[in-house]
1. Which one is farthest from Glu85 (Cα to Cα) among residues in region 1-12 that are of a type outside the set (Asp, Glu) and assigned to a loop (DSSP other than H, G, I, E, B)?
2. Could you grab the pairs with beta carbons closer than 9 Å, sequence gap of 6+ or different chains, first residue in region 1-25 and on the phi > 0 side of the Ramachandran plot and modelled with pLDDT of 95 or more, second one outside any loop (DSSP other than H, G, I, E, B) and surrounded by 14 or more Cβ atoms within 10 Å (Cβ to Cβ)?
3. Please enumerate the residues belonging to region 13-27 that are surrounded by 13 or more Cβ atoms within 10 Å (Cβ to Cβ) and either part of a helix (DSSP H, G or I) or in contact with a Phe, Trp or Tyr (Cβ under 7 Å, 6 or more places away or on another chain) (or both).
4. Among the numbered criteria (1) at pLDDT below 95; (2) exposed (fewer than 14 other Cβ atoms within 10 Å of the Cβ); (3) touching a helix residue (DSSP H, G or I) at 6+ places or on another chain (Cβ under 9 Å); (4) among the hydrophobic types (A, V, I, L, M, F, W, C), which single criterion is violated by Ala45?
Amino acid sequence: MAETAKSAVLRLLAQEGYSGSYGTLLVLALQVGADPDGLTPESDAELFEWRGHLRGLRAALTCVAMYEAKLGPAEAVVVVQRHLEAGAELFGGPDVSRR
């Protein structure tokens, strides 16, 4: 049976020593993407709310990376971005740029 994008991401993160919790948050971020407009908000207020959710998800990833890998904030941001970009390739290229 072929490996799914999700299982590939989780496997790669586990090889780096990250937990399944971090991996699950990362997969969620990849599935949602980074573009709140792509979530088809029905109003400006909903668009604003989605932007906040997406920023919060990235902040949560950064905090977990800091804790699990004993990284400083700046280094954790770089690691999370690297993980998002690597995962995006496995998921077929969803937008994971910083916004």
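The values are calculated or read from the model by the stated rules, or taken from the named source; none is laboratory data. Nothing here was measured: the structure is a model prediction, and the numbers come from that model. Neighbour counts are summed over all protein chains in view; Cβ atoms, including those assigned to glycine, are modelled from backbone coordinates with ideal geometry.
1. Going through region 1-12, the residues of a type outside the set (Asp, Glu) turn out to be 1-2, 4-12.
Checking which are assigned to a loop (DSSP other than H, G, I, E, B) leaves us with 1-2, 4.
On the way: Met1: 25, Ala2: 22, Thr4: 17 Å.
Filtering first and then ranking leaves Met1.
2. Taking only residues 6 or more apart or on different chains, the pairs are Gly17/Glu68; Gly17/Ala69.
3. Leu13, Ala14, Tyr22, Gly23, Thr24, Leu25, Leu26, Val27
4. Every condition holds for Ala45 apart from (3).
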